Amino acid sequence: MAVGGSTKLQQLTAVDGDLFHEAFPPLDRNPAAVYLASLSGSGRRTQKTALNIIAYLLAGDKANALTCNWGKIRYQHAAAVRSRLAELYAPATANKMLSALRRVTKEAWKLGYMSAEEYHKVASIANVAGDSLPSGRELSNGEIAALMAGCANDQKAAGVRDAALIALAYSCGLRRAEVTELNSSDYDPDSRRLVVRGKRNKQRYAYLTEGAYEALSDWLLIRGNEPGPLLWPINKGGKMVNRRLTTQSVYNVLAKRGKESQVKRFSPHDLRRTFVSHLLEAGADIAIVSKMAGHTSVQTTARYDRRPEEVNRKAAHLLHVPYQKRGL
């Protein structure tokens, strides 16, 4: 079984015929379809995978996110799922998957497939306790500078565009999908203000300063003032195409520039983590940073904070181990 890329998954019990549909329910009456439709592209993919895994735990190969009979989920099913997820995944991952379970059963209740009492019993399942180390990494100022220098060495239009992309992703703390959704009309060069569309179509302002403003200005000189996406694809012949970048193309651009600049491997989201960490290290208030990042809570922003790690590193240097290196 390869659901979610794991071979450890085993269904929890003998298959209960009530827990799956023989055919897809109509999408407008399907709890999973309704729930997933409320999410953005990246969130939709993540939580659909989570629901696929949970459906497999409950009904084996007979069910997936869209064919699982979520209205028949009861407290005992949710408790068993929680226990298995706690065994297989880090707490943060398990809890994100439990959130998907709560949300899809809420839709099942709202669609009339389960009673309020049964839904609230499922929703009462506690999160998995425990802390895991922060995912991803923070890029250093030197690494950011190396990426920008690598783009500057590319005299073609792609070098200018990629410098603007990196500058925007880092200085505005953008998610990959947010980079692709930017339009030329979202940017006001007079105020240097950018409208960013985040998850669930929530909008926020970002302000460009210094190098980020200059990088985008240079790109706009090449791009021109045509309406449409702010950042365009550029084909192998160097021709710019007025259409939207994909999230995969953003990943590819950063991987290419990182390799060229000999920057240790990083993900697009690491630029967002770096945005948050660098602002906090510079003394910005965490509530302000949370708003700038488009987070729904300060607790989410705190997970990006690497300052405690640096404090621990400095404290470790206070200890002395009296060992003399051998001349081997």
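General observations
- From the options 223, 197, 204, 192, residue that is basic (Lys, Arg), at positive phi and assigned by TED's automatic domain parsing to the domain that holds residue 166: 192
Table: residues versus (1) crowded, with 21+ Cβ neighbours inside 10 Å; (2) under 25 Å from residue 203 (Cα atoms); (3) aromatic (Phe, Trp, Tyr); (4) within 19 Å of the chain's Cα centre (by Cα).
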{"position": "241", "(1), (2), (3), (4)": "no, no, no, no"}
{"position": "244", "(1), (2), (3), (4)": "no, yes, no, no"}
{"position": "251", "(1), (2), (3), (4)": "no, yes, yes, yes"}
{"position": "255", "(1), (2), (3), (4)": "no, no, no, yes"}
{"position": "262", "(1), (2), (3), (4)": "no, no, no, no"}
{"position": "272", "(1), (2), (3), (4)": "yes, yes, no, yes"}
{"position": "275", "(1), (2), (3), (4)": "yes, yes, yes, yes"}
{"position": "284", "(1), (2), (3), (4)": "no, yes, no, no"}
{"position": "294", "(1), (2), (3), (4)": "yes, yes, no, yes"}
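- Whether a residue is crowded, with 21+ Cβ neighbours inside 10 Å, of a type outside the set (Asp, Glu), outside the structural domain of residue 257 (by TED's automatic domain parsing) and part of a helix (DSSP H, G or I) was assessed, and residue 101 passes this test.
- Meets criteria (touching a strand residue (DSSP E or B) at 6+ places or on another chain (Cβ under 6 Å) and among the hydrophobic types (A, V, I, L, M, F, W, C)) for residue 158: yes
- Residue pairs meeting the criteria (Cβ under 6 Å; at least 6 apart or on separate chains; first over 11 Å from residue 286 (Cβ atoms), in the range 303-317; second at pLDDT below 80 and not hydroxyl-bearing (Ser, Thr, Tyr)): none
- Helices (runs of 4 or more DSSP H) wholly inside the range 27-90 containing at least 1 residues that are in contact with a helix residue (DSSP H, G or I) (Cβ under 9 Å, 6 or more places away or on another chain) and polar (S, T, N, Q): 41-59
Per-residue answers, yes or no, for (1) assigned by TED's automatic domain parsing to the domain that holds residue 282; (2) surrounded by 16 or more Cβ atoms within 10 Å (Cβ to Cβ):
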{"position": "76", "(1), (2)": "no, no"}
{"position": "89", "(1), (2)": "no, yes"}
{"position": "108", "(1), (2)": "no, yes"}
{"position": "116", "(1), (2)": "no, no"}
{"position": "129", "(1), (2)": "no, no"}
{"position": "145", "(1), (2)": "yes, no"}
{"position": "152", "(1), (2)": "yes, no"}
{"position": "160", "(1), (2)": "yes, yes"}
{"position": "172", "(1), (2)": "yes, yes"}
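- Meets criteria (under 28 Å from residue 44 (Cα atoms) and part of a strand (DSSP E or B)) for residue 204: yes
- Pairs are defined by a Cβ separation below 7 Å, a sequence spacing of at least 6 or placement on different chains, a first member in the range 114-130 that is free of Cβ contacts under 8 Å to residues at least 40 places away in the same chain and closer than 26 Å to residue 88 by Cα, and a second member that is of a type outside the set (A, V, I, L, M) and part of a loop (DSSP other than H, G, I, E, B); no pair meets this definition.
- Scanning the range 128-143 for residues that are at pLDDT 85 or above, within 19 Å of residue 274 (Cα to Cα) and of a type outside the set (Asp, Glu) turns up 137, 139, 140, 141, 142.
- Search result, residues across the range 170-201 that are of a type in the set (S, T, N, Q) and in a helix (DSSP H, G or I): 171, 180, 184, 185, 201
The values are calculated or read from the model by the stated rules, or taken from the named source; none is laboratory data. As the structure is a prediction and not an experimental result, all values here were calculated from the model. Backbone-built Cβ (ideal geometry, glycine too); neighbour counts: all protein chains shown.
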